[in-house]
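Everything below concerns the one structure shown next.
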Amino acid sequence: MFWCLGKVLGQVMGQRELLGSGALWPVLLAFSGATALVPLLTLPFFPESPPHLLLHRGDEEGCVKAMKTFWGEEPHRAELDDLQKEQAALSSTQSKGLLELVKEPSLRWQLYMLFVLAVTTQLSGIQAIYSYTFEVLQTAGFHLEQIPYLALGVSLCELLSAVLCSFIIERFGRKVLLWAGYALMGTMLAGITLALSLQPWFSWMPYCCLSLIFCFVFIFGMGPAGATVSLRMEIFDQSSRAPAFAISGTLSWVGVFVIGMVFPLMMENFRQFSFLIFMGTLYTSGFIIYVFLPETKKKSILEIQEEFDKLNFKKKQIPVLEAQLTKDHELCTKL
């Protein structure tokens, strides 16, 4: 939500009426550095994360203190029990290296899912719309004077959907939000392609195209955006989370670079049919998620690992973690 809020505030300040003029753009650019000072000055005073304190340092007292700092003074027995079970299940609490993570058989399908999520986020078309909003809306038939305000509307739509996602993600679960979101986004892209193709025949088609773009962004914020962020953390334990995040971040930035370089060429050569490539990616990824991804809602990390072990060791007999799990502890905790 705050990521979306930052984009909205940036676009608001970038309007011509504020800092978006030729004389004031250096001030707008410098503002990014000023906001970076806030975490730079405040983060040293934050406590370390509770999982790191318990699993890597063995500091249970510090872990409980950090939990109370982050989440309030109420008891956090369930979260602490989760960490202790994870600590008992792990052969080593030391963070895995990148190569160790890639070679680990018990994390093979988690990496597959991480790859699918990272690649789909970039090849879903959302980055193309964000990076080239002006070009996309101009292709849809809007005047240059209108486009900055329409682009702000797109970001406001994403902010609203991110807020709403926080209310439904625990109700519907990550898996449903992902595959259903991908399917609906692909359908919206098919509609955008059709609307752009019919634009010469109908004067109202630009508004239809704009509505579909708003729906596309709204669906992304309501489902895949929030679910992807949650899932990346939930399918990896503490020892493998750091290198997994490094892989995800690398794939994301490579995707941003590739889309930034290739999408203008796609629009030049394929025009509105460029979106069909993204549509194919969304439908393919939605099918993979629907078939292979276990649901993580209301499950601890050990239960999620057990679900993935059925895929990682499909032809082998795998140990059951029932001794480490309790049936009465089903709710997903803050960790």
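The values are calculated or read from the model by the stated rules, or taken from the named source; none is laboratory data. All of these numbers come straight from a predicted model, not from anything done at the bench. In this analysis, Cβ positions are derived from the backbone assuming ideal geometry, glycine residues included, and neighbour counts consider all displayed protein chains. Accessible surface is based on the protein model in full, side chains and every heavy atom, while ligands, DNA and RNA are left aside. Shrake-Rupley method; radii C 1.70, N 1.55, O 1.52, S 1.80 Å.
Observations
- Peptide packing for 141-147, 116-122 was compared via the average number of neighbouring C-beta atoms within 10 Å per residue; ordered from the highest value, the list is 116-122, 141-147.
- Value of relative contact order over the stretch 1-95, rounded to a whole percent, pairs C-alpha under 8 Å and six or more apart: 15
- Extension reserve of the residue 78-residue 253 stretch, reckoned as 0.36 nm per residue once the Cα distance is removed: 59.4 nm
- Looking at the stretch 28-69, the GluC sites (Glu not before Pro) that sit in a DSSP loop and have at most 16 other Cβ atoms within 10 Å of their own Cβ are 48.
- Largest GNM mean-square fluctuation among 75, 294, 50, using the chain with Cα springs under 10 Å: 75.
- For residue 59, the residues whose modelled amide H falls within less than 5 Å of its own, excluding neighbours fewer than 5 places apart on the same chain, are 54.
- D_trans [Stokes-Einstein, Kirkwood Rh over alpha-carbon pairs] for the chain, 20 °C, 1.002 mPa s, µm² s⁻¹: 96
- The stretch 157-272: C-alpha gyration tensor shape, a/c 1.5 cut-off, then a/b vs b/c: oblate
- Among 160, 40, 98: highest mean-square fluctuation, GNM of the chain, C-alpha pairs under 10 Å: 40
- Cα gyration tensor shape for the stretch 1-93, rounded if a/c is under 1.5, else prolate or oblate: prolate
- In this calculation the C-beta distance from residue 5 to residue 313 is compared with R0 = 35 Å, giving a FRET efficiency of 0.25.
- Listed peptides 17-23, 286-292 appear in the order 286-292, 17-23 once ranked by packing, highest mean of other Cβ atoms within 10 Å at the front.
- Label sites at residue 265 and residue 277, each approximated as a point 7 angstrom past Cα along Cα to Cβ, lie 0.9 nm apart.
- Helical content alone sets the calculated 222 nm signal of the chain at -22500 deg cm²/dmol, taking -39,500 (n - 2.57) per DSSP H segment of four or more residues and averaging over every residue.
- Among the trypsin sites (Lys or Arg not before Pro) found in the stretch 1-106, those both in a DSSP coil and sparsely packed, with 15 or fewer other Cβ atoms within 10 Å of their Cβ, are 16, 57.
- Spacing of the two label points (7 Å from each Cα toward its C-beta) at residue 95 and residue 291, in nm: 3.5
- List 308, 172, 45, ordered by accessible area with a 1.4 Å probe, largest first: 45, 172, 308
- With R₀ fixed at 51 Å, the C-beta to C-beta distance from residue 146 to residue 70 puts the FRET efficiency at about 0.70.
- Taking the convex hull of the alpha carbon positions in the stretch 66-134 and averaging its projected area over all directions gives 8.4 nm².
- When each of 7/314; 85/175; 68/297; 68/298 is checked by Cα-Cα distance, pairs over 32 Å: 7/314
- 1.4 Å probe accessible area per residue over the stretch 1-159, in Å²: 57
- Within-9-Å neighbourhood charge of residue 301 [Cβ basis; K, R +1; D, E -1]: -3
- For the stretch 46-88, carbon and sulfur atoms together expose 50% of the accessible surface, with a 1.4 angstrom probe and every protein chain in place.
- Virtual spin-label span in nm between residue 246 and residue 49, 7 Å along Cα→Cβ: 1.4
- The overall shape of the stretch 151-217 is oblate: from the C-alpha gyration tensor, with semi-axes ordered a ≥ b ≥ c, the ratio a/c is 1.5 or greater and a/b is no larger than b/c.
- GluC sites (Glu not before Pro) lying in DSSP loop within the stretch 206-309, provided at most 14 other Cβ fall within 10 Å: 295
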